[in-house]
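Participant: Sending over a structure as structure tokens; questions will come in a sec.
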Amino acid sequence: MKAQLPTAIFLDLDDTILDDTGSVARCWREACEQYAPQLGPFTPEEINDAIRTYSSWYWGDANRHRQGRLQLELARREIVEETLRRLGAERPEIAHQLADRYSVLREEAMEPFPGAIDALHRLRELEIRLALLTNGNAISQRRKIDKHQLHIFFEIILIEGEFGVGKPDKRVYLHALEQMKVRPAETWMVGDNLEWDVAGAQQAGILGIWHDFQGTGLPASNTVKPDRIIRSLTDLVT
Ligand SMILES: [Mg+2]
């Protein structure tokens, strides 16, 4: 087993260790159901659909995504406020309450993928050295790491909001390699984001493994070529 594994593995957090996407639809639905009665003629479904549509547009731009994820709660408030304004229901205070409710529900719902924690324990038993490389806001990422006691697995934890730049910036990978004193050729990176986790790592000479947690296969529009595709972290240790 050990012979097939590298000296070090870098791991992404959201949608790699923690199931981030799995609760999105339910949490928006719940938040919309709670606040729709205060928003006039609109059904919860209409508000939900409008938020999801505007949200897709909002997060579809790389620069907006970066700004937004570094101040996630604020970004969600802006998304809901603008959605309601476009619907003709300009109610900023309700928009903020709805967005905040969604943020609370998302954080409560976020759990490790089945088998993920066991896989991390197994990798440490095999003396594979681990680093966590995550984009996003420092406070919320630290809160997730603390809640799930993830710090025990990692020699270094690099968070975009603390480091100053995020994946796929090569500096993230180079810094992690330097801190760990490992060479790219003896390192793997595992994550769900083809640009950030796979292409970013490959640019630094690290083997890029795509975590296809939804089992959808590579998107038709994708140009990134993962060195390996896994369905769960368990695949690394079985
Ligand atoms: Mg991720």
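Participant: Computing the accessible area with a 1.4 Å probe over protein heavy atoms, can you report the carbon and sulfur percentage for the chain?
Facilitator: After summing per-atom areas, the C and S share lands at 49 percent.
Participant: Please report the base-10 log of the normalised intensity I(q)/I(0) for the range 199-238, using a Debye sum with one equal scatterer per alpha carbon and no solvent, at each q in 0.21, 0.32 (1/Å).
Facilitator: -0.70, -1.12
Participant: My understanding is that a pair violates if its Cα-Cα distance is over 22 Å; which of 147/170; 144/167; 170/225 do that in this structure?
Facilitator: 147/170
Participant: Here's something else I'd like to know. Just check the range 91-189 against the gyration tensor rule for me: Cα atoms, a ≥ b ≥ c as the square roots of the eigenvalues, rounded for a/c under 1.5, and otherwise prolate or oblate depending on whether a/b exceeds b/c.
Facilitator: In terms of gyration-tensor shape, oblate.
Participant: Note down the nm distance, to one decimal, between modelled labels 7 Å out along Cα→Cβ at residue 74 and at residue 181.
Facilitator: If labels sit at residue 74 and residue 181, their model points lie 4.0 nm apart.
Participant: At a probe radius of 1.4 Å, what is the per-residue accessible area of residue 121, in Å² to the nearest 10?
Facilitator: 80
Participant: Run lengths n ≥ 4 of DSSP H only: what is the helix-derived mean residue ellipticity at 222 nm for the chain, with -39500 (n - 2.57) per run over all residues, to the nearest 500? Show your work: numbers first, answer last.
Facilitator: Working: 10 runs with 110 residues, N = 238.
Only helices count here, giving -14000 deg cm²/dmol.
Participant: Hey, another quick one. Quick one: if you stick a label point 7 Å off each Cα along the C-beta vector at residue 107 and residue 4, how many nm between them?
Facilitator: 4.0
Participant: Please give the solvent-accessible surface of residue 91 in Å², to the nearest 10, using a probe radius of 1.4 Å with every protein chain present.
Facilitator: Rounded to the nearest 10, that gives 90 Å².
Participant: Just how far, in whole angstrom, is the range 65-126 from the range 24-60 if you go by their alpha carbon centroids?
Facilitator: Using only Cα atoms, the two centres lie 13 Å from each other.
Participant: I need the fraction of alpha carbon pairs in the range 24-109 separated by more than 21 Å, rounded to a whole percent.
Facilitator: Within the range 24-109, distances greater than 21 Å cover 21 percent of Cα pairs.
Participant: Does the chain classify as rounded, prolate or oblate by the C-alpha gyration tensor (a ≥ b ≥ c root eigenvalues; a/c under 1.5 gives rounded; else a/b over b/c gives prolate, otherwise oblate)?
Facilitator: Note, shape of the chain comes out prolate.
Participant: Among DSSP beta bridges whose residues both lie in the chain, state the antiparallel percentage, nearest 5. Walk me through the intermediate numbers first.
Facilitator: On the way: 2 of 22 bridges.
Once the DSSP bridges in the chain are tallied, antiparallel ones form about 10 percent.
Participant: Just the accessible area for residue 102, please: 1.4 Å probe, Å², rounded to the nearest 10?
Facilitator: Approximately 10 Å² for this residue.
Participant: What are the ³J(HN,Hα) couplings of the range 223-237, residue after residue, when phi is run through the Karplus curve with 6.51, -1.76, 1.60 and θ = phi - 60°? Round to Hz, x for glycine and proline.
Facilitator: 10, 7, 10, x, 6, 7, 10, 10, 8, 7, 4, 4, 4, 6, 10
The values are calculated or read from the model by the stated rules, or taken from the named source; none is laboratory data. Fair warning: this is a prediction, and the values are worked out from it, not measured in the lab. Counting neighbours? That spans all protein chains shown, and the Cβs are built from the backbone with ideal geometry, glycine included. Side chains included, ligands, DNA and RNA excluded: accessible areas come from the protein's heavy atoms. Shrake-Rupley method; radii C 1.70, N 1.55, O 1.52, S 1.80 Å.
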